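Structure first, commentary second.
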Amino acid sequence: MVMTSGSYSFETVCVDTLRMSVHRDGRLISLEPKAMDVLLYLLAHRDRLVTKDELLDAVWTDTFVTPNVLTRAVAQLRKALGDDAQEARIIGTVSKRGYRFMAPVVEGPPRPAADTAPTPAAPAPHRGRLTWAVLAAAGIVITAVAWWSRGPGPASTSQEIAATRFTTRQGYDSLPAISPDGRSVVYVSDRTGSLELYQTGLTVGATDVVLTNNGGRNTQPEWSPDGRWIAFRSERHGGIWIVAAAGGAPQQIVEFGSDPSWSADSERLVFVSDGLSSATPSRLWTVRRDGTDRKVLNIAAPLVGVIGMPGWSHNGRFIVFSLNNGSAFRAVWVTSADGQVAHKLAEGLTGRDIRWTPDDDAIFWGGVTETGLSRLMRLGINPATGEVFGVPQALMPIDGGRVDGLSLANDGRALFGIARSDANLWQIDLQGDTVGEPARLTNDAVRTAYPRIAPDGRIAYIQFVEGRPTATWIMAPDGTGRTPLLPSGVMQGAQWSRDGRRMFVIHDGAPVWVDVETRRSTPISVTIDAPNGVQLAPDDSGLLHHRPGPGGVVNLWLAPFSGSPRRQITFDAEGASYGAYSPDGKWMAMQLTRGSDTWIGIMPAHSGATVTPLVTAKGQSWVYTWAPDSTRLAFAGERDGVWNVFDVERVTGTVRQLTQWTDREGYVRYPAWSPRGDRLVFERSTTTASLWTARLW
């Protein structure tokens, strides 16, 4: 079909090819030249499907561009013509292939131009420049390279994306949710000392409106598609809550769970049961908006790990979610809405939130590349089948931080949090009943964690670069004289042997002994499922680790180095993980899953013994090491949102708080008791976050 000079009418639209003008309802519509060219080409070939490659070659002849320019042009056309991508009447999308002109067309001679002024269309952004004018005034820009491909296979073209700061205060502002009409945003802030929800406009000088103010540590806001409701999680009061977008008293609809996401009709939510660590099982649930009709979503695929961050597609067919199986990075999965079909989409999720595009033809998330670099990621999806289209593509570097919440508007704007952490090793001196003040031991720009102390006081630890565990380091007790245990590779689970001459480490996924003097490594024939939570037996004869059993319940297992089959140690009905042997080899401590809380239990160090709860306070209690005389245990504890270091007596259960932090912006982890009993070394991390915005299509 050849386009001739004349007019083409469909619905209330008239296209005049002689004057190169478009009228809708009698008013002149302004289109960018390339958008006009796309419209004319689709009209000329309205008898068939036009592939994306054909359109790119025809409209952007001899120009090196990305498919993103075509997506943006079609989006502008749909807006100008009054079309809807979800229920297309004029320009239809054929997944993975291209576009087709759908509306009946009447051809005619050129028509007189309407005697009206044009209705301006929103100017499209130049390549590499953000045109969200209200936010450009912030003036802080991150330059990034976005990698895209037209189909399966390696990405081959690039485009600059600009990100602009949206919030500028110190502290924590993150986890945004853009309203369906694109005019407002709800986000989480700690400005009052507790995490609360705030609503603000996307215009210069917009005033914040407080949505919650109950000290509930309210997070994970999600706007219903009809714009009437905001669902969120209350960490303090528990479960899923809903508040009217116009304001009012929040109402609890589920007393447990997190990560709510709305169905397209705003009638149901999908959420996950509480799973706070890689050893805590979780499941997907759905519930009506009023809290009735709660259902477990039974996923047909055998999933091992903790489910999180579900996101319902706009067409209602699929739910994406994360799966943490204890490895370095979480995987991205998708399931049909009934749970009958599920498969993995990608690896490498590190931040919060997986988001669908408006057409459900792609997802975005905060993740990492194969080389461990923190990026905003994109992956094409077939909206009809949920199958992957192409390969994950890295859009934007997040140098020194991670994506912490992501929201997408229908017009391609993105609002996301970038969180940065100061995660270093600290120490406290212990002299009898006297506890010293916490003191910083390291001052690194990357995460420094998992300390272990040798008999002579040397400290081994693991560093994380871009969220990925990299090297195991050894340093003197005062933090000087740092040396890597091995020159290269990914190292996890590092621990000293009983005599301090060797170190156990999982090197590039393989367990080995490393001679500390010579740095020579020797393979170990042992089977474990994940590197998290492993601990050497006191006589160096095997590894204590946890793994899920029937129904996803996690328990402790012992894997001997002799080659004998591993055997189950605990049989707790709710879950036991992160075991820790006492130095004398007589006792074993572990983390017990109890609903949304974690307790500490102890038992004699042999299979089948009875576990006795030792610490049962509400909150989180994460055990790590014992005192050298096997009488006390050190653990990281969360009480009412605040993390501190504690210890507990094995016999009496008496708990002592060793640090006195009161802020809710950080945490402590992994208190390692020195073999001399004179100090504890642990990780302390504090997090700040700001909101940023960019245009992704």
Task: For region 166-255: relative contact order, % (alpha-carbon pairs under 8 angstrom, 6 or more apart) - done: 19
- [ ] Under 1.5 on a/c is rounded, so check that first for region 421-688, then, if it is not, pick prolate when a/b is larger than b/c and oblate when it is not; a ≥ b ≥ c are the square roots of the alpha carbon gyration tensor eigenvalues.
- [x] rounded
Task: Estimated dipole of the chain in Debye, rounded to 20 [Cβ of Lys and Arg +1, of Asp and Glu -1, Cα centre] - done: 380
Task: Listed residue (His237, Ser194, Pro250) projecting farthest to the positive dipole end of region 180-269, Cβ model - done: Ser194
Task: By average C-beta atoms within 10 angstrom, highest first, the peptides 16-28, 300-312 - done: 300-312, 16-28
- [ ] Give, in nm to one decimal, the length gained when the segment between Arg97 and Asp597 is fully stretched (0.36 nm per residue of separation minus the Cα-Cα distance).
- [x] 175.1 nm
Open item on the list: Which of the three applies to the chain, rounded, prolate or oblate, going by the alpha-carbon gyration tensor with a ≥ b ≥ c and a/c under 1.5 meaning rounded?
Closed with: prolate
Open item on the list: Could you tell me how far the Cα centroid of region 70-107 sits from the Cα centroid of region 608-654, in Å?
Closed with: 61
Task: Packing-based exposure ordering (other Cβ within 10 Å, fewest first) of Ser234, Ser194 - done: Ser194, Ser234
- [ ] Note the full-extension length gain between Arg19 and Ser488 as 0.36 nm times their separation in residues minus their Cα-Cα distance, in nm to one decimal.
- [x] 162.3 nm
- [ ] About the Cα centre of region 7-108, how large is the charge dipole given +1 on each Lys and Arg Cβ and -1 on each Asp and Glu Cβ? Please answer in debye to the nearest 20.
- [x] 220
Task: Eligible lysines near Lys344 by straight Cα distance, threshold 24 Å, same-chain separation 8 or greater - done: Lys96, Lys295
TODO: Work out the FRET efficiency for His606 and Gln431 from their Cβ-Cβ distance, taking R0 = 41 Å, and round it to the nearest 0.05.
DONE: 0.75
Task: Spacing of the two label points (7 Å from each Cα toward its C-beta) at Thr207 and Arg169, in nm - done: 1.6
TODO: May I ask you to sort Phe101, Phe561 by Cβ crowding, counting other Cβ atoms within 10 Å and putting the fewest first?
DONE: Phe561, Phe101
Open item on the list: As a test of the formula, what do you get for the chain when each DSSP H run with n ≥ 4 contributes -39,500 (n - 2.57) and the sum is divided by the residue count, at 222 nm and rounded to the nearest 500 deg cm²/dmol?
Closed with: -1500 deg cm²/dmol
Task: Dipole magnitude (debye, nearest 20) for region 166-255, charges at Cβ of Lys, Arg, Asp, Glu - done: 100
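None of the figures in this text is laboratory data; all of them are computed from the coordinates on show. The shown structure was predicted, so the numbers you read here are calculated from the model rather than taken from an experiment. Glycine gets a Cβ as well: all are built from the backbone with ideal geometry, and neighbour counts include every protein chain shown.
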